Amino acid sequence: MRILISGGTVVSATGTQAADVLVEDERVLALAQPGSEAARRFSEGARQIDASGKFVVPGAVDVHTHMELPFGGTHASDSFETGTQAAAWGGTTTIVDFAVQKKGQALREGLDAWHKRAEGNCAVDYGFHMIVSDVNDQSMKEMGALVDEGVSSFKLFMAYPGVFYSTDGEILRAMQEARNSGATIMMHAENGIAIDLLVAQALARGETTPRFHGLTRPDRLEAEATARAIALAEVAGAPVYIVHLSTTGALEAVGEARAAGHNAFAETCPQYLFLTSDDLARPGFEGAKYVCSPPLRAKEHQARLWRGLRNDDLSVVSTDHCPFCFKEQKELGREDFSKIPNGVPGVEHRLDLTYQGVLAGQLSLPRWVEVNSTTPARMFGLYPKKGVLAPGSDADVVVYDPTARQTISVMTHHMNVDYSAYEGMALTGRVATVLSRGRVIVEDGHFRGEKGHGRYLSRGKNGYLQ
Ligand code: DUC
Ligand code: ZN
Ligand code: ZN
């Protein structure tokens, strides 16, 4: 099967060029000069996709999703089936989801359970990180074996005492193990012990509405935890990747560590670039739609996050996609904000939202590709199979229409959740066509993929440390 994607502007992390993309079976065969003899010969018998006036970019890689995550007595509302279809609609052709080790379980048990949920259900390729909730002799022994079989990153939590939380000693131990096995530790950096006190005090004062979720998780406690996580990583001699970074103070801690030569990395998410604490304070219970952790912050932080994306102190945009329906699920916390399941839906709109940053002059086009595709692929051991359009790479390709207009709405999105955090937001730019391993899975406003097309990805080690 041959596909020729012709007439478009190919955008990579390093620049733009007018080029035709030659796809054979599941792989990119070559990039060719438009109208060249090579492209002309290849086109005989090939299916043609006209990309004139459009960008042709490597499929986006979302390294932070939570399909079906059990949280607060319920489960994230997207299954691997619905969530990966929504990802495909938005040009994301690879996800790396978080398998969860529950307390008392082996890492392997948690990983097996997530394999069962995903296998045969995904529309795009998928891999796993592992959430470590129990740092002990056994789980530390298992880490190296999991790295060898393609699970090369492990998330620890400084928040959620009693659930996912690890002490500083446990974190240091896991980082030492990561240094030895070549794993990357991903950190949820919020001081959960201090936060739990503030939450209890707020509830005792009768402060129960969603905006108190934000007020009890102050940005200083993210900055403090981020600096502490980096210090522990330095002591262990291990790399650290700060997930869902949301504040200026935390970004400064990452920037200082990087300037000093440490292997500190960080991602942010569209919700921190586009939504604010004002959304959490919407009247009535509406703010529950915006409850996630870390919480949405004051608008002042956003300019600094965009700058971090430009100067690489923020290397990746991921979504932390963790949808809960407003009715029935967010509802669990109507009388008590601490019972609102944490998370916002977002897997479908990362490329489109960050493209608004390109239009606003916040990101260059190549940087847009780099933070959404190339760097996440490299950071999590998927490059150059994913994250680039080059001979031999998987033919995960997005044809992006930079002039199309759309308005985000629950009425038209494909995520299995009954609201959009971006309802009514008017955007310029839209995904036109998506290929996953050489197969067209989205075109002309139709989903043409299928459940089970997505394959499990055994990942290598962090490509920035090889
Ligand atoms: N934050 C969320 O908002 N949801 C799931 C877990 C997390 O850390
Ligand atoms: Zn987290
Ligand atoms: Zn998360």
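The set of residues in the stretch 253-263 that are open to solvent by 10 Å² or more (accessible area, probe 1.4 Å) and touching a residue at least 12 places away in the same chain (Cβ under 8 Å) comprises A253, G255, R258, H262, N263. Considering only residues in the stretch 90-105 that are touching a strand residue (DSSP E or B) at 6+ places or on another chain (Cβ under 7 Å) and not in a strand (DSSP E or B), the one that is nearest to ligand 1 (Cβ to nearest atom) turns out to be Q101.
Does D97 meet the test of being of a type outside the set (A, V, I, L, M, F, W, C) and touching a Phe, Trp or Tyr at 6+ places or on another chain (Cβ under 7 Å)? Break it down stepwise before answering.
Details: of a type outside the set (A, V, I, L, M, F, W, C): yes; touching a Phe, Trp or Tyr at 6+ places or on another chain (Cβ under 7 Å): yes.
Yes, satisfied.
Applying the selection to the stretch 128-163, what residues are among the β-branched types (V, I, T) and within 16 Å of ligand 1 (Cβ to nearest atom)? Once the filter is applied, which keeps residues that are among the β-branched types (V, I, T) and within 16 Å of ligand 1 (Cβ to nearest atom), the stretch 128-163 yields I131, V132, V163. Scanning the stretch 283-302 for residues being among the basic types (K, R) and in a helix (DSSP H, G or I) gives a total of 1. If the condition is being over 19 Å from H64 (Cβ atoms) and either without any contact (Cβ under 8 Å) to a residue 40 or more places away in the chain or touching an Asp or Glu at 6+ places or on another chain (Cβ under 9 Å) (or both), then the stretch 264-281 contributes T276, D278, D279. Residue check: G73 meets all listed conditions (1) in contact with a helix residue (DSSP H, G or I) (Cβ under 7 Å, 6 or more places away or on another chain); (2) modelled with pLDDT of 95 or more but one, namely (2). Selection over the stretch 225-252 of residues that are closer than 19 Å to K155 by Cα, more than 16 Å from ligand 2 (Cβ to nearest atom) and open to solvent by 20 Å² or more (accessible area, probe 1.4 Å) gives a count of 6.
When only residues in the stretch 1-46 that are closer than 23 Å to K385 by Cα and of a type in the set (D, E, K, R) count, which is surrounded by the fewest Cβ atoms within 10 Å (Cβ to Cβ)? That would be D25.
Taking the listed residues R108, R117, the one that is under 29 Å from K327 (Cα atoms), of a type in the set (D, E, K, R) and part of a helix (DSSP H, G or I) is R117, with no other qualifying. Total residues in the stretch 126-142 satisfying the condition of being touching a residue at least 24 places away in the same chain (Cβ under 8 Å), open to solvent by 10 Å² or more (accessible area, probe 1.4 Å) and part of a loop (DSSP other than H, G, I, E, B): the figure is 2. Selection within the stretch 153-174: residues that are under 21 Å from F380 (Cα atoms) and in contact with a Phe, Trp or Tyr (Cβ under 7 Å, 6 or more places away or on another chain). The member of this set that is surrounded by the most Cβ atoms within 10 Å (Cβ to Cβ) is S153. Filtering the stretch 419-450 to residues that are under 21 Å from the mean Cα position of the chain (by Cα), among the charged types (D, E, K, R) and under 28 Å from F324 (Cβ atoms) leaves E423, R430. The residues of the stretch 101-125 that are touching a residue at least 60 places away in the same chain (Cβ under 8 Å) and out of contact with any Asp or Glu (no Cβ under 6 Å at 6 or more places or on another chain), listed by number, are H115, A118, E119, G120, C122, A123, V124, D125. Within the stretch 411-447, the set of residues being surrounded by fewer than 16 Cβ atoms within 10 Å (Cβ to Cβ) and either without any contact (Cβ under 8 Å) to a residue 24 or more places away in the chain or farther than 23 Å from Q271 by Cα (or both) comprises M411, T412, E423, G424, A426, E443, D444, G445, H446, F447. Among residues of the stretch 187-200 that are without any contact (Cβ under 8 Å) to a residue 12 or more places away in the chain and open to solvent by less than 10 Å² (accessible area, probe 1.4 Å), none has a beta-carbon under 9 Å from a residue that is away from ligand 3 (no atom under 16 Å from the Cβ) and among the small types (G, A, S) at least six positions away or on a different chain. Scanning the stretch 139-176 for residues that are out of contact with any Ser or Thr (no Cβ under 9 Å at 6 or more places or on another chain) and within 13 Å of ligand 2 (Cβ to nearest atom) gives a single hit, K155.
The values are calculated or read from the model by the stated rules, or taken from the named source; none is laboratory data. Since we're looking at a predicted model, the values are computed, not measured. Every residue, glycine among them, receives a Cβ derived from its backbone with ideal geometry; neighbour counts consider all protein chains shown. Quick note on the areas: whole protein, heavy atoms, side chains included, nothing else; ligands and nucleic acids left out. Shrake-Rupley method; radii C 1.70, N 1.55, O 1.52, S 1.80 Å.
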